[in-house]
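> To start, I am sharing the structure in question, which I have written as structure tokens.
None of the figures in this text is laboratory data; all of them are computed from the coordinates on show. Because the structure is predicted, anything quoted here is derived from the model rather than measured. For neighbour counting, all protein chains shown are included, and Cβ atoms are generated from backbone atoms with ideal geometry for every residue, glycine included.
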Amino acid sequence: MGQVWNPARILESPMKQPAAQWHLHCENSSNMAEVFSITPERVSDALKRHPKLKGKLKVTIGLDGNIYPNAIKTANVVFGWRFDRMNLAERAPNLKMIHVHGAGVNHVMPLDWLPKGCVLTNSRGVHGPRAAEYLIMAILMLNNRVPETVTHQRAARWQQCYNTVITGKTILIIGVGHIGGSAADWAKKFGLNVLGIRRSGKAHRSVDKMHKPKDLQRLLPKADFVLMCVPATDHTKHLLGKREINLMRKGAGFINYSRADLVDYSALRERLLKSELTAVLDVFDPEPLPPTSPLWTTPNLIMTPHCASDDSVAYTPKTLDIVLGNIQLIMAGKKPVNIVDGKLQY
């Protein structure tokens, strides 16, 4: 059994530390899963992997804002998911970097609260290996008609679902970034024809033909599988609206890995009810999904509760490596990695 997440174990400081030049404050939220907990043990282990910071960094760890008001008075870096952003320029005069404990940052947009001279960074890239594993599983589930089989199972109905091999079929990946690119690599290994959409239109080694967002409606009817990997921004809400969903060919499979508001789930549900599409969804709005949601009983659908890509052992340690690596870069007068662009919102 895994270790039980106990918020009471989060202490103000993971260890006795000498006076230091830099102060990192880590902010935990008790409503987050253990995979996201920034524990003294994880911090201590991460510091051992970054020996150049020895004696140069003070670390405090808080929970639900219990020490946050005092900690940010001297903090150079804040690491967490949710934190009070009010008047940070005045309350945190030494702040150089804030790291969001995740890839999505739409919950802190717009960045009008970010103090001048402070950068916002995220965990982009940490999800890659685990996310790609989940996505290729989902693609194989769709090709093997698992959502339909589960629907028949719930009805105690013996109905065999046959299909053909996946080789030679077409997948459309909307958003070929770190995650979409990893999925494309795996898709090529299974012999899929890979179409991609990305804002820049820049080629990718595993994408046969790359396109721009303006081509979405033209490409949707060509795909056997559609994979959504786009970040949630003001410009991507309902990127797949009713019109786009109705353009998907009958029998196509859909996967949403990104955020729920990218897709009109009501329109998607209409086609699932008609057995015209099948789907695997990992993201919902709201979360947790209430028991009253009609999605729970929608046929031809597999749902996972937003847990597709967060490695239960490695996620927070890998993120700590980004945070500590960035602190070293800033100390050396260099630009940190994973800076969020306020205009692009990712």
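> Which of these, 89, 308, 75, has the largest mean-square fluctuation under a Gaussian network model of the chain (Cα springs below 10 Å)?
Comparing 89, 308, 75 in the GNM, the peak value goes to 89.
> Hey, another quick one. Out of residues 5 or more away from residue 277 or on other chains, whose amide H comes under 5 Å of its own, with H placed 1.01 Å from N in the peptide plane?
Residues meeting the amide H criterion: 251, 272.
> If the cut-off is 20 Å between C-alpha atoms, which aspartates and glutamates fall inside it for residue 202, apart from same-chain ones fewer than 8 positions away?
185, 215, 341
> For the chain, what is the calculated [θ] at 222 nm in deg cm²/dmol (nearest 500), taking -39500 (n - 2.57) for each run of four or more DSSP H residues and dividing by its residue count?
Numbers: 10 runs with 91 residues, N = 346.
Helix-only estimate at 222 nm: -7500 deg cm²/dmol.
> Size of the dipole of the chain about the Cα centre, Lys and Arg at +1 and Asp and Glu at -1 on the beta carbon, nothing else charged, in debye to 20? Walk me through the numbers before you get to the answer.
Values: 45 positive and 28 negative charges, 220 e Å.
With only Lys, Arg, Asp and Glu charged at Cβ, the dipole is about 1060 debye.
> A follow-up question, please. Obtain the nm distance between the two label points defined at residue 56 and residue 112 by a simple spin-label model: each point lies 7 Å from its Cα along the Cα-to-C-beta direction.
3.7 nm
> How do 243-253, 275-285 rank on mean C-beta neighbours within 10 Å, highest first? Walk me through the intermediate numbers first.
Numbers: 243-253: 17.6, 275-285: 21.2.
Listed from highest to lowest mean packing, they are 275-285, 243-253.
> Sticking with this structure for a sec: Treating only the Cβ atoms of Lys and Arg (+1) and Asp and Glu (-1) as charged, compute the dipole magnitude of the stretch 128-303 about its Cα centre; round to the nearest 20 debye. Don't skip to the answer; put the middle values down first.
On the way: 25 positive and 15 negative charges, 119 e Å.
For the stretch 128-303, the charge dipole is close to 580 debye.
> Here's a follow-up. Show me the ranking of peptides 131-144, 162-175 by mean Cβ neighbours inside 10 Å, starting with the highest. Don't skip to the end; give the middle numbers.
Numbers: 131-144: 20.4, 162-175: 17.6.
The peptides rank, most packed first, as 131-144, 162-175.
> What's the extension gain from residue 157 to residue 87 if we count 0.36 nm per residue and subtract their Cα-Cα distance?
On the way: separation 70, 0.36 × 70 = 25.20 nm, distance 5.96 nm.
The span from residue 157 to residue 87 would gain 19.2 nm if fully extended.
> Continuing with the same structure: Between the stretch 176-249 and the stretch 266-280, what's the alpha-carbon centroid distance in Å?
19 Å
> Same structure again: Starting from the 7 Å offset along Cα-to-Cβ, what nm value, one decimal, do you get for the label separation of residue 188 and residue 335?
It is 2.7 nm.
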